[in-house]
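The values are calculated or read from the model by the stated rules, or taken from the named source; none is laboratory data. Every value quoted in this text rests on a predicted model; they were computed, and no experiment measured them. Cβ placement follows ideal geometry from the backbone for every residue including glycine, while neighbour counts extend to all protein chains displayed.
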Amino acid sequence: MRKVLIVDDSVTVRMYHKQILQSAGYEVDEAENGMEALEKTEEYDYEMCLVDINMPILDGYSFVKRFRENSGFDAPVIMISTEAQPNDIAIAYEAGANLYQVKPVSSDDLIASAKLLTIDTK
């Protein structure tokens, strides 16, 4: 089973995205912030990460930069946020995101994106 990590400080958002991804056959792990997510990525190789931007302790941009700096961490990353300005999107891609989506994301779009990014893995 493909395992993904959802990184978002909102319990409601994590539950929503978890339900969608589980319905598509993914196993889901969760983190409340980027620091917790970094700790989890050191313990497990995720097939994909779904990452919010605005979080306490370590924001999404910083998490993705640090995630990419660690050797061997090349799992696809979908940045997902309410931030929709071109600058926000550019910063996400510069940090190392593979895809950027604006909340709220429909279940069909999230599943399609996840399948697209994990198609060549295991």
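Things worth noting here:
- Every condition in (1) of a type in the set (Phe, Trp, Tyr); (2) within 20 Å of residue 2 (Cβ to Cβ); (3) assigned to a helix (DSSP H, G or I) is met by residue 73 except one, and the failing one is (3).
- Scanning segment 15-34 for residues that are surrounded by fewer than 17 Cβ atoms within 10 Å (Cβ to Cβ) and in a helix (DSSP H, G or I) returns 15, 19, 22, 23.
- Some residue of segment 89-102 being in contact (Cβ under 8 Å) with a residue 40 or more places away in the chain and either farther than 24 Å from residue 12 by Cβ or in contact with a Phe, Trp or Tyr (Cβ under 7 Å, 6 or more places away or on another chain) (or both): no
- Residue check, residue 55 in contact with a Leu (Cβ under 6 Å, 6 or more places away or on another chain) and either surrounded by fewer than 18 Cβ atoms within 10 Å (Cβ to Cβ) or over 20 Å from residue 111 (Cα atoms) (or both): no
- Residue 10 falls short of the stated requirement of being at pLDDT 95 or above, among the small types (Gly, Ala, Ser) and surrounded by fewer than 13 Cβ atoms within 10 Å (Cβ to Cβ).
- Candidates are the residues of segment 69-79 that are loosely packed, with under 15 Cβ neighbours inside 10 Å and at negative phi; the one that is modelled with the lowest pLDDT is 71.
- Looking across segment 80-90, the residues that are in contact with a strand residue (DSSP E or B) (Cβ under 9 Å, 6 or more places away or on another chain) and either of a type outside the set (A, V, I, L, M) or crowded, with 22+ Cβ neighbours inside 10 Å (or both) come down to 80, 81, 82, 83, 88.
- One residue alone among 100, 61, 93, 46 is surrounded by 17 or more Cβ atoms within 10 Å (Cβ to Cβ) and in a helix (DSSP H, G or I), and that residue is 61.
- Filtered by the rule that a residue be within 19 Å of residue 35 (Cβ to Cβ) and within 10 Å of the chain's Cα centre (by Cα), segment 64-80 gives 64, 75, 77, 79, 80.
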